[in-house]
Amino acid sequence: MPHIHIVYFNRKKLADPVPIGSYKREDVIFLLKDLSDVSLEQRTEDREAAMQTGGHYSESLPIEYQPTAEYIQLFELTLKESAARIAQAVGTVSEMIVKKYGFDVVLASLARGGTPIGVLIKRYIKQAYGIDIPHYSLSIIRGKGIDENALLYINQTHPDRKVQFVDGWTGKGAIRKVLIAACSLMKQKYGIELNDELAVLADPGYCAGTFGTREDFLIPSACLNSTVSGLISRTVLRSDLIGPDDFHGAKFYKEWEDSDLTNVFVDTIAAYFPQTAASSKAEALQLEANPELVEVTWQGMQDIARIQSDFGVSDVNFIKPGVGETTRVLLRRVPWKILVDRLDNPNLKHILLLAKDRGVPVEEYSHMTYSCCGIIKAVKGDAE
């Protein structure tokens, strides 16, 4: 009886990435093409109109919000208040990763919200176990997928290791869905088996099985843009800029080095690991012993459906739930209104400050798993 051999075609060896960003090289390697010399920024209103009339958010960049002194002060205060809590959550998600894979793993954080969390997980594992886990940051774009060249590069460089995808937090779970489809496609096209489970610091949307907490609180890295993410812009994918063998692109804002808080953020949190490691280990053991606590229920999506109905929102993509996503709406979209679970929620000080700065109405809406939710103003057409 004849044997059928299936041979997967794998591309030629991809070029090593060019150093980009303000993180230490030992913390993360960005698998991104440097587009710093290309003019990509658009005014928020122009960009919103383009996205709602057939354009895609990855084709341009927002003009980055330059925070006021009051806002930076709020970031510093939030970081000080939440550093130990975040350190414990980082430790918990790190311990879950170690239980799942041991140390035979590569961290692949999703640029850019996932990058600081990937850096912290790498640092925690090194501090707690003395093991240096490889960590890369790569692009994933809703509606376009993950950077296949970046995944091929990781596979070529670390052929025998498992890949753990890392992000900062979950909202509706849209990126998790993109990741599931992307991993399936990588197997079909290249025969590369990837686990599509996402590891996040906070999972208020109940759509990740590996997390530090499911509480929706402010992760200070969501407060700022590039100045807390290695001076890296959002990722860009445009056929006139990105060739078939290129990684997805991004800009490196070297001109903002004086206001860069990237390493302040990770150093401040990492300093707490020695005192939070024991509780992180205990939390991870409890989650392992009680599988129902890590069940993926997509509970957040039920809240979104109710918000869409209650407020007559035409497109579900206009609804951005959770502290992290609401912050992003206020920093780089055109908001219609902000919903909060309660006005005196101490996690929402920066949300209320940003909403006041931009003249955006805030409304109490207690029936949700999230602390808050941002709703984008409909210009016309489809959403991002």
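The values are calculated or read from the model by the stated rules, or taken from the named source; none is laboratory data. Given the structure is predicted, the values throughout are model-derived calculations rather than measurements. Here the Cβ is made from the backbone with ideal geometry for all residues, glycine too, and neighbour counts use every protein chain on show. For the accessible areas, the whole protein counts, side chains as well, though only heavy atoms, and no ligand, DNA or RNA atoms are used. Shrake-Rupley method; radii C 1.70, N 1.55, O 1.52, S 1.80 Å.
So which residues in segment 247-263 are of a type outside the set (S, T, N, Q) and in contact with an Asp or Glu (Cβ under 9 Å, 6 or more places away or on another chain)? It would help to see each step written out before you state the result.
Initial filter on segment 247-263 (of a type outside the set (S, T, N, Q)): 247-258, 260-261.
Result: F247, H248, G249, A250, K251, F252, Y253, W256, L261.
Between E193, E288, E215, which is within 21 Å of H350 (Cα to Cα) and surrounded by fewer than 16 Cβ atoms within 10 Å (Cβ to Cβ)?
Unique residue meeting the criteria: E215.
In segment 212-225, is there at least one residue being at pLDDT 90 or above and assigned to a strand (DSSP E or B)?
Looking for residues that are at pLDDT 90 or above and assigned to a strand (DSSP E or B), one finds at least one in segment 212-225, hence yes.
Among the listed residues D357, D310, D315, identify the single one that is in contact (Cβ under 8 Å) with a residue 60 or more places away in the chain, of a type in the set (D, E, K, R) and open to solvent by 60 Å² or more (accessible area, probe 1.4 Å).
Working: D310 fails: in contact (Cβ under 8 Å) with a residue 60 or more places away in the chain; D315 fails: open to solvent by 60 Å² or more (accessible area, probe 1.4 Å).
None of the others qualify; the one that does is D357.
What are the pairs with Cβ atoms under 7 angstrom where one residue, in segment 186-206, is assigned to a helix (DSSP H, G or I) and the other, located anywhere, is open to solvent by 30 Å² or more (accessible area, probe 1.4 Å) and not β-branched (V, I, T)? Sequence gap at least six, or different chains.
M186/E148; M186/L194; K187/E193; Y190/Y8; Y190/N10
Quick one: is L331 more than 30 Å from E70 (Cα to Cα), open to solvent by less than 20 Å² (accessible area, probe 1.4 Å) and either polar (S, T, N, Q) or in a helix (DSSP H, G or I) (or both)? Give the derivation first.
On the way: more than 30 Å from E70 (Cα to Cα): no; open to solvent by less than 20 Å² (accessible area, probe 1.4 Å): yes; either polar (S, T, N, Q) or in a helix (DSSP H, G or I) (or both): yes.
In short, no.
Just a yes or no: is a residue in segment 129-143 more than 24 Å from I242 (Cα to Cα), without any contact (Cβ under 8 Å) to a residue 60 or more places away in the chain and of a type in the set (F, W, Y)?
Yes, segment 129-143 contains a residue that is more than 24 Å from I242 (Cα to Cα), without any contact (Cβ under 8 Å) to a residue 60 or more places away in the chain and of a type in the set (F, W, Y).
Before we move on, is Q302 modelled with pLDDT of 95 or more, part of a helix (DSSP H, G or I), open to solvent by 70 Å² or more (accessible area, probe 1.4 Å) and farther than 30 Å from D34 by Cβ? I'd like the intermediate steps shown before the answer.
Values: modelled with pLDDT of 95 or more: no; part of a helix (DSSP H, G or I): yes; open to solvent by 70 Å² or more (accessible area, probe 1.4 Å): yes; farther than 30 Å from D34 by Cβ: yes.
The answer is no for Q302.
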